[in-house]
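**Q** Handing you this structure, nothing more for now.
Here, each number is a calculation from the coordinates, and none is a lab measurement. If you're wondering where the values come from, they're calculated on a predicted model, not measured in any experiment. Counting neighbours? That spans all protein chains shown, and the Cβs are built from the backbone with ideal geometry, glycine included.
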Amino acid sequence: MVQKKEFMLLFRYEPSTEYQPSEAEMKEMHQQWGAFIGNIAIQEKLVSTHQLGFSGMKILADQSVSEGIYLADKQTLAGNMIVSAATINEAVEMAKSCPILAMGGTVEVRDIQPM
């Protein structure tokens, strides 16, 4: 029996204030995400998934707090998913069908270490 591990898929994209998808485009995106998540769930490899909102607060090392979300290379974290897989390569193969890639976003696959 193959020992399964957990991997986190981190979804990043570049937010745009200039382009707002139409209602039909939003519906299509929701369907694509539903199919992506549903496919992994049907395989019994979905552990959890979370979509992040657009507001937040940042706490810096000096304890100062500022409003807003963190952007690196113009991208922000949109959400995450934890999947169960035998290897990181299996998790990468799952990530390759993520709808965020079609939006110009990225998926980072990381192994999860217990704390």
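**Q** Using DSSP to define loop residues, name the GluC sites (Glu not before Pro) in region 1-48 whose beta-carbon has at most 10 other beta-carbon atoms within 10 Å. Could the numbers behind the result be given before it?
**A** Details: sites: E6, E18, E23, E25, E28, E44; in loops: E18, E44.
Listed in order of number, the matching sites are E18, E44.
**Q** Sticking with this structure for a sec: State, to one decimal in nm², a quarter of the convex hull surface area for the C-alpha atoms of region 51-115, i.e. the direction-averaged projected area.
**A** Values: hull surface 25.0 nm².
With the hull built on Cα positions only, its mean projection is 6.2 nm².
**Q** Between region 1-35 and region 87-115, how far is it from one alpha carbon centroid to the other, in angstrom?
**A** Each part's Cα centre sits 11 Å from the other's.
**Q** Assign unit charges at the C-beta atoms only (+1 for Lys and Arg, -1 for Asp and Glu), then state the dipole size of the chain relative to its Cα centre in Debye, rounded to the nearest 20.
**A** Values: 9 positive and 14 negative charges, 62 e Å.
It comes to approximately 300 debye.
**Q** To the nearest 20 debye, what is the magnitude of the charge dipole of region 59-111 about its Cα centre, counting +1 on the Cβ of each Lys and Arg and -1 on the Cβ of each Asp and Glu? Before the final figure, lay out each step's value.
**A** Numbers: 3 positive and 7 negative charges, 32 e Å.
Roughly 160 debye, rounded to the nearest 20.
**Q** In square nanometres, what is the average projected area of the Cα convex hull of the chain?
**A** Details: hull surface 36.6 nm².
Seen from a random direction, the Cα hull of the chain projects 9.2 nm² on average.
**Q** If you only keep lysine pairs separated by 8 or more in sequence, or across chains, how many in the chain come under 17 Å at the Cα atoms? Working shown, then result.
**A** Numbers: K4/K45; K5/K45; K45/K96; K58/K74.
Counting lysine pairs in the chain gives 4.
**Q** So, one more: Using Cα springs under 10 Å in a Gaussian network model of the chain, which residue among L77, L52, L101 shows the largest mean-square fluctuation?
**A** Comparing L77, L52, L101 in a Gaussian network model of the chain, the most mobile one is L52.
**Q** So for the chain, taking the charge dipole from beta-carbon charges (+1 Lys/Arg, -1 Asp/Glu), which of M115, H30, T17 sits furthest toward the positive end?
**A** M115
**Q** Same structure, new question: Along the positive direction of the dipole of the chain (beta-carbon charges: Lys, Arg +1; Asp, Glu -1; about the Cα centre), which of V47, G105, I59 reaches farthest?
**A** V47
**Q** Relative contact order of the chain, please, whole-number percent, based on alpha carbon pairs below 8 angstrom and at least 6 residues apart. Don't jump to the answer; show the numbers that get you there.
**A** Working: 167 pairs, mean separation 55.8, N = 115.
The value is 49 percent.
**Q** Of the residues M26, M81, M94, which exhibits the maximal mean-square fluctuation in a Gaussian network model of the chain defined by a 10 Å Cα contact cut-off?
**A** M26
**Q** Mind running the shape call on region 6-63? Use the C-alpha gyration tensor, a ≥ b ≥ c as the square roots of the eigenvalues: rounded below 1.5 for a/c, prolate if a/b tops b/c, oblate otherwise. Working shown, then result.
**A** On the way: a/c = 3.29, a/b = 1.18, b/c = 2.78.
Oblate.
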